[in-house]
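FYI, it's all coordinate maths here, none of it is from the lab. Everything quoted here is computed from the prediction, not taken from an experiment. Note: ideal-geometry Cβ built from the backbone for every residue, glycine included; neighbour counts use all protein chains shown.
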Amino acid sequence: MQRIFPRRRTVLLALPMLLATAIGCKKEFDSPPVRTIPEGSVLTIAQLKALYQGAPVHFADSLAQSVYAVVTADEQNGNLYKNLYVQDHTGAMAIRLLNSGGLYQGDSIRIYLPGTVLSPYNGLMQIDSVDVDNNVVKQATGVYVAPTPTTITALASEAGPGGALQSKLITLAGVEFVDSTGTLTYADPVNQVTVNRDLEDCNSGNTIIVRTSGYANFAGQHLPTGKGTFTGIASWFGSSPQLYIRNISEVQMTGPRCGSAANCTPLGGLSEDFSAVANNATVTLDCWTNTFTQGSVAWRGKVSGADFSAEARISLGQASTMWLVTPQVNYTGTQALSFSSARQNWVHDGLTAWVSTDFTGDVNAATWLPVPGATFAGQADADNAWVTSGSIALSGVLPGGYSGTFVVAFKYQGDAANSTTYRVDNVQVN
């Protein structure tokens with residue numbers, strides 16, 4: 001009979017040896033090498049911009065330099081594609097990425113410059129060809145950058161080449177979209193077409209473009225019809241500033257439109273020196289009504305040196321009737337009205353003052369009471385010489401025992417034959 005015991009023993013003896021070998025040869029996986037991006041010398045954004053001397057600056061590997069900044073606008077809402085804006089304590093810069101994604105608003109980053117190019121595009125200075133993997137090191141997240149308050153007037157120069165506001169996060173107050181119909185959208189999301197919309201300043205009457213991509217996630221939203229604040233990025237194209245929205249929640253325009261008297265709280269008194277008007281621009285003061293019932297022009301700002309006023313004059317020989325109406329004022333029974341007027345090239349007395357207790361925005365629907373005893377600039381006065389009205393007690397104008405609110409209106413009438421220009425300033429109710 002064949003004996004098999006020795007063979008079984010061999011197998012049993014081999015098993016521990018195999019186990020020992022397997023344990024002794026356990027594979028240890030190699031760790032991937034840690035990728036490091038050198039820092040080199042550090043530049044501020046202002047120092048970086050100063051390197052541009054009329055020709056593109058190509059940063060080679062031998063020129064190891066870095067810039068630290070915070071991302072102030074990213075690609076998340078679709079309004080910017082492969083573009084970012086960053087900012088440090090010395091300025092701001094547009095960034096063009098080779099590939100989309102990876103960086104977000106509030107990221108504190110270091111940009112390693114070799115491989116990138118510094119040059120302007122239609123007046124907007126930028127760092128081009130930035131590779132997020134090879135040029136960027138993220139330092140922190142959630143870093144807050146406060147927007148810089150400014151005006152449309154300032155952006156016209158300071159957002160341009162070399163300007164301090166170019167590419168900065170800014171905020172505008174007292175602005176509204178020129179279109180008030182509520183039918184226009186920010187862009188065309190159906191055809192994915194970028195659209196420019198005009199934003200205007202209540203004080204200056206100046207406008208600025210708000211540019212929105214058809215790929216933005218808010219492209220199909222309707223423009224707000226009210227006045228308020230706008231926060232965004234101050235960019236530049238060609239010879240003009242333009243704004244980009246980074247977050248639609250930062251467009252807050254729910255107040256009454258420029259010059260509208262609607263929803264305004266009545267005042268206890270009034271003191272207006274027209275220092276906020278812009279020369280030859282339509283007067284658009286908060287809670288004032290500036291309108292016309294004949295012709296096609298309204299009161300305009302007049303600025304001569306340090307002298308600011310509201311001016312009424314005919315245009316192109318057209319007959320004109322225009323009204324400049326104050327905000328509502330609470331009547332106390334003891335108030336007096338005063339103002340100053342001036343005229344130029346007198347041929348007629350075209351300026352009068354009126355009071356109404358039932359004005360709600362439509363001058364034609366209100367009842368108007370003439371202001372008696374007021375002195376206006378006239379034929380005997382020199383051109384542009386200011387004449388004070390005197391103090392006119394409103395108790396002599398308003399009905400006896402009246403308790404409520406009132407407005408004062410300055411009404412101008414002129415035509416081709418009666419073309420005296422009039423100005424009004426220093427309107428006081430106290």
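Expressed to the nearest 5 percent, the antiparallel share of DSSP beta bridges inside the chain is 90 percent.
When a/c is below 1.5 the answer is rounded, else prolate if a/b is larger than b/c, else oblate, so apply that to region 199-294 with a ≥ b ≥ c taken from the square roots of the Cα gyration tensor eigenvalues. Because a/c hits 1.5 or more and a/b exceeds b/c, region 199-294 counts as prolate.
For the peptides 65-73, 135-143, the ranking by packing is 65-73, 135-143, with the highest mean count of neighbouring Cβ atoms within 10 Å listed first.
Here are labelled values, (1) 196; (2) 267; (3) 127, and one is the computed volume of the Cα convex hull per residue in Å³ for what I pasted. Which one? Only one option fits the structure, namely (2). Scalar couplings 3J(HN,Hα) for region 206-212, obtained by applying the Karplus form with A = 6.51, B = -1.76, C = 1.60 to θ = phi - 60°, are 6, 10, 8, 7, 10, 9, 10 Hz; x denotes Gly and Pro.
Within the straight-line cut-off of under 14 Å between alpha carbons, the aspartates and glutamates reachable from Lys227 are Glu176, Asp179, Asp198, Glu200, Asp201, Glu250, Asp286, sequence neighbours fewer than 8 places apart in one chain being disregarded. Here is how the number arises for the chain: DSSP H runs of 4 or more residues each give -39500 (n - 2.57), the sum is divided by the residue count, and the result at 222 nm is -2500 deg cm²/dmol. Using alpha carbons only, how many degrees (0 to 90, rounded to 10) separate the axis of helix 5-24 from the longest principal axis of the chain? Taking Cα atoms only, the helix is inclined about 40 degrees. Relative protection proxy for 49-57, 165-173, from highest mean packing down: 165-173, 49-57 (other beta-carbon atoms within 10 angstrom).
State whether region 284-420 is rounded, prolate or oblate according to the following rule on the C-alpha gyration tensor (a ≥ b ≥ c being the square roots of its eigenvalues): a/c under 1.5 gives rounded; otherwise a/b larger than b/c gives prolate, and the remaining case gives oblate. The shape class here is prolate. Taking the Cα centre of the chain as origin and assigning +1 to Lys and Arg Cβ atoms and -1 to Asp and Glu Cβ atoms, the resulting dipole is close to 2420 debye.
Note on region 281-430: with charges restricted to the Cβ of Lys and Arg (+1) and Asp and Glu (-1), its dipole about the Cα centre is near 60 debye. Scoring 396-405, 353-362 by mean Cβ neighbours within 10 Å over their residues and listing the highest first yields 353-362, 396-405. For region 33-68 versus region 227-295, the inter-centroid distance based on Cα atoms is 42 Å. Taking a ≥ b ≥ c as the square roots of the eigenvalues of the Cα gyration tensor, region 149-227 is classed as oblate, since a/c reaches at least 1.5 and a/b does not exceed b/c.
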